[in-house]
Amino acid sequence: MRRLIGGALIVLMIVVIVLRERDTGPERVDREFYVLGTLVTVTINSEDLDTQAAETAAAAVESSLRVFQRKWQPTGDGALGQLNATLADNPAAEVPAELQDLLLRAKAIADDSGNTFDPGLARLVRVWGFDDPEHFRETPPAKADLDAALAVPHRLAEAQFDGQTLVVGRPGLALDLGAIAKGAAVDHAMDTLRDAGVTAAMVNAGGDLQAMGQAPNRPWRIAVRHPRPLDDDRRLLAGITLADGEAVFSSGDYERYFEYEGRRYHHLLDPTTGQPAQGTQSATVIHTDAALADAAATALFVGGPDRFAELAEALGVTQAMIVDSQGRVLATPEFAARVDWLADVSFAPQSPAQ
Ligand code: AMP
Ligand code: MG
C-alpha cells in the first residue's frame, strides 16, 4: 500500500512540475517558415504566456505573412499583381484598399529619399532577373532591354495619389515592394503577437529583425554581418543590444548578385540609371518602425557615401551605417555610440561619426 501511495506521489509531483512550467515559464516557442522569399523565425519568450497560446500566436503570424506574400507579389492574381496589370496598359489605376496604406507609405518614403528608394522599378528588376532567385542571369541584360524599361514610367515618384487612384500619366509603371515588404511584414507580425498577449519575442526575416521585450534574463543581442568576411571566424561587423521594439534592417550587395568579367552585379538598383548602385557594400538601419528601417536601408545603400548624412536626416533615421566600396564605415554618431565593432573598422572621411 505504501509503495502504491509513493508511486502516486511521484506521478503527482511530475504532473505539478510540468504544469507549473506551463503556467509560469520561461517559455520558448520557435516557429520557422519560408515566406516573402526568405526564412522567417518567430521566437516567443513570454514568461506569463502558456506554450499553447504562444504557439497559436506564432501560427497566426505565419498565416498572415502568407496572405501578404500573395497580396504583394508583383505579378499574378494578388492585389499588387492586378494593380501592375492595370497600370501596364493604363495611365492611372484604382489602388486596391488592402494596398493603400503601404503604397502611400512607400510613396512618402520614396519622396523623402530623393528616389533612391523607389518601388516603381519592377520592370528594371525583371530585366536584371533579380525577381526570380531560381533563374539568375550570368551576364548583364542587353542595353535595348534596359532602355525599354527606362522608356516607360519606372518611378513611383512620377505618380500621384488622387484619392484612391494612382495617377501616373502614361502606361507602363510596375511596382515592386521588395525593399519595404519585409519591414511591413515584421511590423505586422509584432502587432499580431502583441494582440495575442506576447510581451517578449523576436521576429527574424532572413537576418532583418525586430525585438519585443527581452530575451530570457537579458536584452536581445544581435550581430550585423560583414559584407566582405575575411574568413569564417570574422563574419561579423557589429554587435547591437536591442531595446524593446527596435528593428535592425540591412541591405547588401552580397544578397543577390552575379559576377561578370570581374564585376559584381547586384539587386539594389539606382532607379535613375537602372544599373546596380555603385559605391556601397552594405547599409544597416536601426529604428522602431521596421518598414521605415527596411526602406531606409535600401535608400542609404543606393544613395552611397556622398549622400549618407543628408539622406539619413531626410528619412528621419538617426541610427544608421553604410560600408562603402572600399570597406570603410560611415555611421551616424548615435549608431557609432551604441554598437560594439566586431571587426577592424576604419571610417570614411565623410562619416558623421569617426
Ligand atoms: P532590400 O533587400 O530591402 O534592400 O530590397 C531589395 C529589393 O527591392 C530588390 O530585390 C528589388 O526587388 C527591390 N529594389 C531594388 N532596388 C530598389 C530601389 N532602389 N528602391 C526600391 N526597391 C528596390
Ligand atoms: Mg530594404
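Considering the stretch 269-283, and only residues there that are more than 16 Å from ligand 2 (Cβ to nearest atom) and within 21 Å of Leu237 (Cβ to Cβ), the residue that is surrounded by the fewest Cβ atoms within 10 Å (Cβ to Cβ) turns out to be Gln278.
Checked against (1) open to solvent by 40 Å² or more (accessible area, probe 1.4 Å); (2) farther than 29 Å from Thr43 by Cα; (3) in contact with a Pro (Cβ under 9 Å, 6 or more places away or on another chain), Gly178 passes all but condition (2). One residue stands out in the stretch 226-242 among those that are in contact with a Lys or Arg (Cβ under 8 Å, 6 or more places away or on another chain) and part of a strand (DSSP E or B): the one that is nearest to Asp344 (Cα to Cα), namely Leu237.
For the stretch 233-244, the count of residues that are free of Cβ contacts under 8 Å to residues at least 12 places away in the same chain and surrounded by fewer than 16 Cβ atoms within 10 Å (Cβ to Cβ) is at least one. Across the stretch 242-268, the number of residues qualifying as within 12 Å of ligand 2 (Cβ to nearest atom) and over 19 Å from Gln210 (Cα atoms) comes to 3.
The set of residues in the stretch 169-219 that are more than 16 Å from ligand 1 (Cβ to nearest atom) and closer than 21 Å to Leu124 by Cβ comprises Gly169, Arg170, Pro171, Gly172. In the stretch 97-106, the count of residues that are within 30 Å of Ile286 (Cβ to Cβ), among the polar types (S, T, N, Q), open to solvent by less than 60 Å² (accessible area, probe 1.4 Å) and more than 16 Å from ligand 2 (Cβ to nearest atom) is one or more. Asp89 meets each of the listed conditions (1) modelled with pLDDT under 95; (2) acidic (Asp, Glu); (3) farther than 20 Å from Leu268 by Cβ apart from (1). Scan the stretch 128-154 for residues that are open to solvent by 40 Å² or more (accessible area, probe 1.4 Å) and not in a loop (DSSP other than H, G, I, E, B) and the total you get is 7. Taking Pro271 as the residue in question, decide whether it is closer than 19 Å to Gly178 by Cβ and either in a loop (DSSP other than H, G, I, E, B) or at pLDDT below 95 (or both). Judged against the criteria, Pro271 is a match. Residues of the stretch 77-95 that are out of contact with any strand residue (DSSP E or B) (no Cβ under 7 Å at 6 or more places or on another chain), crowded, with 18+ Cβ neighbours inside 10 Å and part of a loop (DSSP other than H, G, I, E, B): Gly78 alone. Only one entry of Ala196, Ala201, Ala157 meets the criterion of being open to solvent by less than 10 Å² (accessible area, probe 1.4 Å) and either in contact (Cβ under 8 Å) with a residue 12 or more places away in the chain or of a type in the set (A, V, I, L, M, F, W, C) (or both), and that entry is Ala201. Report whether or not Pro352 is crowded, with 16+ Cβ neighbours inside 10 Å, in contact with a helix residue (DSSP H, G or I) (Cβ under 9 Å, 6 or more places away or on another chain) and closer than 15 Å to Ile109 by Cα. Answer is no for this residue. Do we find a residue being assigned to a strand (DSSP E or B), under 28 Å from Val198 (Cα atoms), away from ligand 2 (no atom under 12 Å from the Cβ) and without any contact (Cβ under 8 Å) to a residue 40 or more places away in the chain anywhere in the stretch 286-302? Scanning the stretch 286-302, I find no residue that is assigned to a strand (DSSP E or B), under 28 Å from Val198 (Cα atoms), away from ligand 2 (no atom under 12 Å from the Cβ) and without any contact (Cβ under 8 Å) to a residue 40 or more places away in the chain, so the answer is no. In this entry, His287 is excluded by the filter for residues that are crowded, with 16+ Cβ neighbours inside 10 Å, within 13 Å of ligand 1 (Cβ to nearest atom), at pLDDT 95 or above and not β-branched (Val, Ile, Thr).
Asp162 fulfils the conditions (1) surrounded by fewer than 22 Cβ atoms within 10 Å (Cβ to Cβ); (2) more than 16 Å from Leu104 (Cα to Cα) except for a single criterion, (2).
The values are calculated or read from the model by the stated rules, or taken from the named source; none is laboratory data. Since the model is a prediction, treat every value here as computed from it, not as a measurement. Note that each Cβ is placed from the backbone with ideal geometry, even for glycine, and that neighbours are counted across all protein chains shown. The protein model used for the area step is the full one, side chains on, heavy atoms only, and it has no ligands, DNA or RNA in it. Shrake-Rupley method; radii C 1.70, N 1.55, O 1.52, S 1.80 Å.
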